[in-house]
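**Student:** This structure is in structure tokens; I'll ask about it shortly.
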Amino acid sequence: MNQSPALSRRAFLGGGAVAVSLPFLESMLPREARAQTAATPKRLIYYYVPNGINMAGFRPAAAGAGYATPSMLVPLEPLKADFSVITGLENAPGKPDDQGDHASGTASFITGVHAFKSETEIMLGISADQVAANQIGTMTRIKSLQLGMQAGSTAGNCDSGYSCAYARNISWSGPTTPLPKLTDPAKIFDEIFKGTSVTDSDAAAAKRRAYNKSVLDLVTADATRLTAKLGRTDANKLQEYLTGVRELERQIAGTSTTTATCAPGVRPVASTDFSTKVKQMADLMVLAFQCDATRIITFMLGNALSNQTYPALGITRGHHDISHHANDVANIDMLQTIGLWEMEQFAYLLTKMKGITEGTSNMLYNSAVFLSSDISDGNRHNHDDLPVLLAGHGGGALHPGKHVVYAKTAKQKISNLLLSTLATVGVTGMMLGDGTGPLPEV
């Protein structure tokens, strides 16, 4: 057993014209490193929610580890040791030239750069996810995944003279290049499970849809043979992974034949469809990490100025409209309800990640997951005291489980927190936007 070679990190289960990438297994490590959890991949997610947050329901009353969970974060209570609430950070570059807070705040969300105000002349900067992708993206088949719930063209004026490119993208490979996001779960699924040949993979996906067959049906024999060669931990992990793939494939196949919410560029019109798709996106993020297709993901729960409605929550008015609450109690209550729902979706993602065993830890432990918004309070459109959650342990580099408070007078930059997330995946010595250095307190 000690002489057995390690499996290739790019190992695939093959059957017919289909190839399914394996999850990260300890057997993939060289035998001298198989017991070292430090070799487990480290990962990043940057998670954007639009229109700000009702900070009164989000912000804990006390600092430190002993804070009482505020009402909006109740869905995250079982994960309290796995995330920190961070308040008092500012994103000064997000302040617009005159008006346009949503587009400018979204543009600077993980770039830390002030957007040039124009409908046609785009000028911004590289985003944190792409800084990471340039350093570690070659370790996986997909450098980074850009996902979102709403599509839309980057052309035109989306917010008081700011280009739609700023309002509909958070991932930027350079000052003039926003990276478009994938919004169709079926296409994301195909992208994650492509083989080494793009042509063959696309043909295999078409064949699978035409004959309504599962990818796993074509690789069962290979999976059986591989399982016999693995230790108990890896064998259980492989079966857990394949079960998850089959279930998600079944869900996506069912959705694509009964509703249009997964079609590219089509915004969900029913809250039940929207909620289902959000959960599918979370499942896809976990699977992308689990098969080591990528280690870097951005996700937009909505575009800037999203006017998504939530009939299932009793809310038929648009989110952006409600965010201009004018201190009206009814509006604030609706914002609290929407924010609570958003935290439920975030808790679903983190719980899924924590449930994936990796060595002596889990996927959430080995990740850094940053959640925030384009602004803080939707009525004030302020870019200080932003709502921030930082989940995961970054493989041990982060120390969650507390409320970290920065005084507004300190004007601590959110870009510095982004530098801290980059450090968890070994990307150090880099500058980002207006950042000056990682925050040691997290």
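**Student:** I want to check the label-to-label distance for Ala61 and His399. Put each point 7 Å from Cα in the C-beta direction and report it in nm to one decimal.
**Tutor:** 2.6
**Student:** Taking just the alpha carbons, could you work out the radius of gyration and Dmax for the range 387-430, both in angstroms?
**Tutor:** Taking only Cα atoms of the range 387-430, I get Rg and Dmax of 11.4, 32 Å.
**Student:** Kirkwood hydrodynamic radius for the range 57-99: how many Å is it when counted over pairs of different Cα atoms?
**Tutor:** About 12.4 Å, per the Kirkwood formula over Cα pairs.
**Student:** Next up: Please give the length that would be gained between Ala407 and Lys187 if that part of the chain were fully extended, namely 0.36 nm times their separation in residues minus their C-alpha to C-alpha distance (nm, one decimal).
**Tutor:** Full-extension gain reported as 74.8 nm.
**Student:** Continuing with the same structure: Charges on Cβ only, +1 for Lys and Arg, -1 for Asp and Glu, centred on the Cα centroid of the range 39-170; of Ala132, Ala107, Thr120, which one is farthest towards the dipole's positive end?
**Tutor:** Ala132
**Student:** Label Met431 and Gln135 with points 7 Å out from Cα along Cα→Cβ: what is the distance between them in nm?
**Tutor:** Distance between label points: 1.6 nm.
**Student:** What is the Cα centroid distance between the range 369-429 and the range 134-160, reported in whole angstrom?
**Tutor:** 21
**Student:** Distance cut-off 22 Å, Cα to Cα: go down the list Lys42/Lys354; Lys181/Lys411; Lys187/Lys279; Lys95/Lys117; Lys143/Lys229; Lys143/Lys277 and report the pairs above it.
**Tutor:** Lys181/Lys411; Lys143/Lys229; Lys143/Lys277, as the Cα separations exceed 22 Å there.
**Student:** Can you bin the range 317-439 into rounded, prolate or oblate? Criterion: square roots of the alpha carbon gyration tensor eigenvalues sorted a ≥ b ≥ c, rounded for a/c under 1.5, prolate for a/b above b/c, oblate for the rest.
**Tutor:** Oblate, since a/c reaches 1.5 and b/c is not below a/b.
**Student:** Using R₀ = 25 Å, calculate the FRET efficiency as 1/(1 + (r/R₀)^6) where r is the Cβ-Cβ separation of Ala81 and Glu240; round to 0.05.
**Tutor:** Once the sixth-power term is evaluated, E becomes 0.60.
**Student:** Now a separate question. Measuring with a 1.4 Å probe in the full set of protein chains, what accessible area per residue, in whole Å², belongs to the range 362-401?
**Tutor:** 21
**Student:** Counting only protein heavy atoms and a 1.4 Å probe, tell me what percentage of the range 313-415's accessible area is made up of carbon and sulfur.
**Tutor:** 53
**Student:** A follow-up question, please. So, how do all the Cα-to-Cα distances of the range 280-352 break down into 10 Å bins, in percent, from 0 on up?
**Tutor:** Taking all Cα pairs of the range 280-352, the binned fractions are 17, 41, 26, 14, 2 percent.
The values are calculated or read from the model by the stated rules, or taken from the named source; none is laboratory data. Remember, it's a predicted structure, so these values are computed and weren't measured experimentally. Because the Cβ atoms are built from the backbone with ideal geometry, glycine has one as well, and the counts that use them run over all protein chains shown. Each accessible area value is taken on the protein alone, full model and side chains, heavy atoms only, with ligands, DNA and RNA left out. Shrake-Rupley method; radii C 1.70, N 1.55, O 1.52, S 1.80 Å.
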